[in-house]
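The block underneath contains the structure these notes are about, expressed in structure tokens.
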Amino acid sequence: MKKVVAFLILIAAVSSCNSVKNLNTSNISDAATLLSSLSSNSTVQQVASLFSLLDTNSDDAVSSTEAIGSVAENFDVLDTDSNSSLNLTELQGILALLK
């Protein structure tokens, strides 16, 4: 929970920057909440929901700039095809990394 609060504070702090003006902070907040609730027992549907929230440009891939939290921290591990983006199958690998 502390991670979510810290993340929300970070969003508020940078929301005035031009580079994040068009960013949907509601989706990021929802993604942070969902990510913090995931465990190794979470469902594929929950990961699919996270994928949709993170894929802010709707290109069916999560880039390193769209990734947050443990997805960002483990991006290189999850990116099994090394194409600098995560598809839904690769993002499902987050479940194996969660304790």
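Here are the numbers for this structure:
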| read-out | value |
| --- | --- |
| Hey, residue 60 surrounded by fewer than 19 Cβ atoms within 10 Å (Cβ to Cβ), assigned to a loop (DSSP other than H, G, I, E, B) and out of contact with any helix residue (DSSP H, G or I) (no Cβ under 6 Å at 6 or more places or on another chain) or not | yes |
| Any pair with Cβ under 6 angstrom, 6 or more apart, that starts in segment 65-76 at a residue that is under 13 Å from residue 7 (Cα atoms) and in contact (Cβ under 8 Å) with a residue 24 or more places away in the chain and ends at one that is part of a loop (DSSP other than H, G, I, E, B) and of a type in the set (Asp, Glu) | none |
| Yes/no for residue 91 being buried (at least 16 other Cβ atoms within 10 Å of the Cβ) and touching a residue at least 12 places away in the same chain (Cβ under 8 Å) | yes |
| Matching residues in segment 64-88 - criterion: being polar (S, T, N, Q), farther than 19 Å from residue 30 by Cα and in a loop (DSSP other than H, G, I, E, B) | 74, 80, 82, 83, 84, 87 |
| Those helices (runs of 4 or more DSSP H) lying entirely in segment 1-56 with at least 1 residues surrounded by 14 or more Cβ atoms within 10 Å (Cβ to Cβ), charged (D, E, K, R) and at pLDDT 90 or above | 25-37 |
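The values are calculated or read from the model by the stated rules, or taken from the named source; none is laboratory data. Just so we're clear, the structure is a prediction, and the values are computed from it rather than from any experiment. Positions of Cβ are backbone-derived with ideal geometry, glycine not excepted, and every protein chain shown enters the neighbour counts.
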